Amino acid sequence: MIVAAQKSTFLFFKETLRDYRGGALGLLIVGFFALLALSSPWLAPHPADQIFPEAIKLPPMWQDGGLSAFPFGTDDIGRDVLSRLMHGAPVSLGIGFFVVILSVVVGTSLGLLAGSVGGAVDQALSRFMDIVMALPSMLMAIVIVAILGPSLTNTIIAVSLVSVPSVFRLVRGAVLAEMSKEYVTAVRAFGAGWWRIAVKNVLPNCMAPLIVQATLGFSDGILNAAALGFLGLGAQPPTPEWGTMLSDARASIESSPWLVTLPGLCILLVVIGFNLLGDALRDALDPKLRK
C-alpha cells in the first residue's frame, strides 16, 4: 500500500510538471536557490562579513576594472557581493519558511476553530480578521516592527502576523463547506465531538488549498521581509539579507548599480519561482482547472 501511494504521488507530480511548464520552471528556480542556500557555507568564496580594504567598489568581472576573484564585484566597504548573495540565500529563504510555518499554524488553528464551532466564536474571529485585513499589510508590519524593534526575529513575527488573516479566511471557508457535507453528519451521529470532526475528518480535506496558499505565502513573506529590510526595519547589518543589501546600496545606485541590481534580481527570481509553482499546484489540485 505504501509503495502504491508513493507511486501515485510520483505520477501526480510527474503529470503536474508535464502539463504545467510554468510549474516546472518555478520548481527549477526554487530548487536552485534552495540548493544554493544549503551549500552556501561551503561554496561561497569568502565569508559574508570579510572586508578587503584594497578592493572597494570593484565592478563585476565582466566590466572594466573587475577581477576574477570577485565575480560580482565588491560593495562600498570591500565585501564580496557574490559571497554576500550566497550567504543571504538561507537568510531570505529562512524568513519565508518561518513566515509560512507561523502564519499557517496560527491561521489554520483559528480558521478551523471558527468554521467548526460557529456561532459567537466564528463571528468574533471573523470580524477581527476583517478589521485586520482592512488595514494595509505593509503598514501593519512596519508598526509591529517599530513597536518590537528592528531585528530579523521581529521581522518574521511581523510578516507572519499580517499573513494570518488570508490563511484564516481560506481555511474557514473550506471548513464551512466541508461541515455541510453528509460524512460530517454521519460522524456526528456516531457521537464524535467537534474536535475529532474538525481535526480528523475536516482538516485533511482542506489541505489542497492550504498547500497552494503556503506556496504563494512563501514568496509574499520573502518580499515583505525584503521591503522591511529596505526600509531599515528588517535584518540589521552586517546580516547579508537581500533586502538589507538593497538598503545599504541606495546611496550607490548611480555609481555602482550592480550593488542594487544583483540582490534585487535574486528577490525577483525567487518570487517568480514560488508564484509559478503555486499557480501550477492550484491548477493541479483544483478539479475545475485540471486539464
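Nothing in this text is a laboratory measurement; each read-out follows from the coordinates by a stated rule. Bear in mind the structure is a predicted one, so any value in this text is a computation, not a measurement. Cβ coordinates were reconstructed from backbone atoms using ideal geometry, including for glycine residues, and neighbour counts include every protein chain displayed.
Between helix 137-148 and the chain, what is the angle of the helix's C-alpha long axis to the longest principal axis, kept within 0 to 90° and rounded to the nearest 10?
Once rounded, one gets 70 degrees.
Angle between the Cα long axis of helix 207-230 and the longest principal axis of the chain, 0 to 90 degrees, nearest 10?
Helix 207-230 sits roughly 30 degrees off the main axis of the chain.
Rounded to whole Hz and in sequence order, give me ³J(HN,Hα) for region 170-185 from the Karplus expression 6.51 cos²θ - 1.76 cosθ + 1.60, θ = phi - 60°, writing x for Gly and Pro.
Result, ordered by residue: 5, 5, 4, x, 5, 5, 4, 5, 6, 5, 8, 8, 6, 5, 5, 4 Hz.
Quick check: net charge around E54, other residues with Cβ under 15 Å of its Cβ, Lys/Arg +1 and Asp/Glu -1?
-1
Count the net charge of all other residues whose Cβ sits under 11 Å from the Cβ of R79, scoring Lys and Arg as +1 and Asp and Glu as -1.
Cβ neighbours under 11 Å give a net charge of -3.
Quick check: net charge around A114, other residues with Cβ under 14 Å of its Cβ, Lys/Arg +1 and Asp/Glu -1?
Net local charge, A114 excluded: 0.
Arranged from highest to lowest average of other beta-carbon atoms within 10 Å per residue, in what order do the peptides 234-244, 37-47, 273-283 appear?
Most protected by this proxy first, the peptides run 234-244, 273-283, 37-47.
For the residue pair A55 and S255, what label-to-label distance in nm results when each label sits 7 Å from Cα along the Cα-to-beta-carbon direction?
2.0
Determine the equivalent ellipsoid of region 18-285 by diagonalising the alpha-carbon gyration tensor, then write out the semi-axes as square roots of 5 times the eigenvalues, largest first, rounded to whole Å.
43, 20, 13
Report the calculated FRET efficiency for A24 and Q123 (r = Cβ-Cβ distance, R0 = 35 Å), to the nearest 0.05.
The computed FRET efficiency comes out at 0.20.
Which whole-Hz couplings ³J(HN,Hα) result when phi for each residue of region 117-133 is put into the Karplus expression 6.51 cos²θ - 1.76 cosθ + 1.60, θ = phi - 60°, listed in order with x for Gly and Pro?
Per-residue couplings from phi come out as 7, x, x, 5, 5, 5, 5, 5, 5, 5, 5, 5, 5, 4, 5, 5, 6 Hz.
List every residue whose amide H lies under 5 Å from the amide H of T74, counting only residues 5 or more places away in sequence or on a different chain, with H placed 1.01 Å from N in the peptide plane.
Placed amide hydrogens put K57, L58, V81 under 5 Å from T74.
How much length is gained on full extension from L38 to S68, taking 0.36 nm per residue of separation minus their Cα-Cα distance?
So the extension gain works out to 8.4 nm.
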